[in-house]
Each structure stands twice: as C-alpha cells, then as structure tokens.
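Have a look at the structure below before the remarks.
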Amino acid sequence: MPDNTKEAIIAASKELLQKVIEVNGVEVNSIAGVIFTTTPDLNAEFPAVAARELGWSQVALLCGHEMDVPGSLPQCLRVLILVNTEKRAEDIVHVYLGGAKQLRAEINKF
C-alpha cells in the first residue's frame, strides 16, 4: 500500500504497470488505454503520472476513486489496462502486490 505522497503513488503505480506488462508480455504500442483507481485516502497525485513518466505518451489514461465501502482495503491502487491482444481471458495474468494480495489470494502469483 503506498503512502499518500506523490512519490509513493508514482512509485507504486510504476511498479504495478511494469509488472503487469512484464508478466503478460504486453508491448506498450498495443495498449489502448489504462484506467487507474485509488481508494479515497490516496489523493496526493494522479497515478497516470507514472505512465507518462514511463513514456506512455500515446496511451489514453483515466484516474478515479473506488467506492468508499466501510471495511474495504485502505490505500489501494488498482489498474485496468485495455490491451489489443489475441490472448484468451484465462491466459491473462492478474497482478496483486502489497496489501492487495489478500483480495484474490486464490489467483495471486506474486
């Protein structure tokens, strides 16, 4: 879980983006768009800044907040990467890092 600082949000966002594209063999030029969400307690920076810093200049980016559900995981960053691919859904590797590992422990490989 990143701290609510610009540096921590950018670092966590970069780590998650890089891991997802690495384990799935995604080429940046095949990414149509990325949707980032954070829990409301993470608001010091837009996670999309990390994608721009990685050189993703032609990718559509959108940031938003998750619903503030009582008892849900705090300080959580999520990313949905929309990729042009021939892979089947079951061949996509979903990445959960840090405290988010508990959200899908049955499929988490990291």
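The values are calculated or read from the model by the stated rules, or taken from the named source; none is laboratory data. Worth saying up front: this structure is predicted, and the values here are computed from it rather than measured. Virtual Cβ from ideal backbone geometry, glycine too; neighbours counted across all protein chains shown.
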field: Failed condition for Leu80, given (1) of a type in the set (A, V, I, L, M, F, W, C); (2) surrounded by 14 or more Cβ atoms within 10 Å (Cβ to Cβ); (3) modelled with pLDDT of 95 or more
entry: (2)
message: With the requirement that a residue be buried (at least 17 other Cβ atoms within 10 Å of the Cβ) and modelled with pLDDT under 95, what does segment 55-74 give you?
response: none
message: Being among the polar types (S, T, N, Q) and either surrounded by fewer than 16 Cβ atoms within 10 Å (Cβ to Cβ) or within 16 Å of Cys63 (Cα to Cα) (or both) is the filter here; which residues of segment 1-29 pass it?
response: Asn4, Thr5, Ser13, Gln18, Asn29
query: Which pairs have Cβ atoms under 7 Å, sit 6 or more apart or on different chains, and link a residue in segment 76-87 that is farther than 21 Å from Thr38 by Cβ and of a type in the set (A, V, I, L, M, F, W, C) to one that is assigned to a strand (DSSP E or B) and at pLDDT 95 or above?
result: Val83/Ile31; Val83/Ala32
Segment 8-54 - residue that is in contact (Cβ under 8 Å) with a residue 24 or more places away in the chain and acidic (Asp, Glu) and, of those, nearest to Met67 (Cα to Cα): Asp41
- request: Name the strands (runs of 3 or more DSSP E) wholly inside segment 5-110 in which the number of residues that are on the phi > 0 side of the Ramachandran plot and touching a Pro at 6+ places or on another chain (Cβ under 6 Å) is 1 or more.
  value: none
All positions within segment 30-54 that are of a type in the set (S, T, N, Q) and either surrounded by fewer than 19 Cβ atoms within 10 Å (Cβ to Cβ) or in contact with a Phe, Trp or Tyr (Cβ under 7 Å, 6 or more places away or on another chain) (or both): Ser30, Thr37, Asn43
